[in-house]
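Visitor: Before I ask anything, here is the structure I am working with.
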Amino acid sequence: MLNRLRKTRGESFKVLVNEALRRGLKQMRTRDSRREPFRTQAVELGPCRIGSIDNIAEALSIGEGESFK
């Protein structure tokens, strides 16, 4: 599409790419500003089952069993 525009308008590929990006970003900005921000609902997961994740081998053995090796 950009190559066809380049031939019909007589402008460089670089100029057309920059123009397309500017127009696209303007549309994205105006469309996003009307949209409500996405919110994630918090969920209680209970107490941590692993005391500390400093020891990765211990954390993996608790999470996956001893067969993780």
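The values are calculated or read from the model by the stated rules, or taken from the named source; none is laboratory data. Note that the structure is a prediction, hence the values are computed from the model and not measured. With ideal geometry, Cβ positions are generated from the backbone for all residues, glycine too; neighbour counts draw on all protein chains shown.
Visitor: Look at residue 11 and say whether it is in a helix (DSSP H, G or I), surrounded by 10 or more Cβ atoms within 10 Å (Cβ to Cβ) and modelled with pLDDT of 85 or more. Steps first, please.
Guide: On the way: in a helix (DSSP H, G or I): no; surrounded by 10 or more Cβ atoms within 10 Å (Cβ to Cβ): yes; modelled with pLDDT of 85 or more: yes.
Judged against the criteria, residue 11 is not a match.
Visitor: I've got another one for you. Please go through region 14-69 and pick out each residue that is modelled with pLDDT of 90 or more, aliphatic (A, V, I, L, M) and surrounded by 10 or more Cβ atoms within 10 Å (Cβ to Cβ).
Guide: 15, 16, 17, 20, 21
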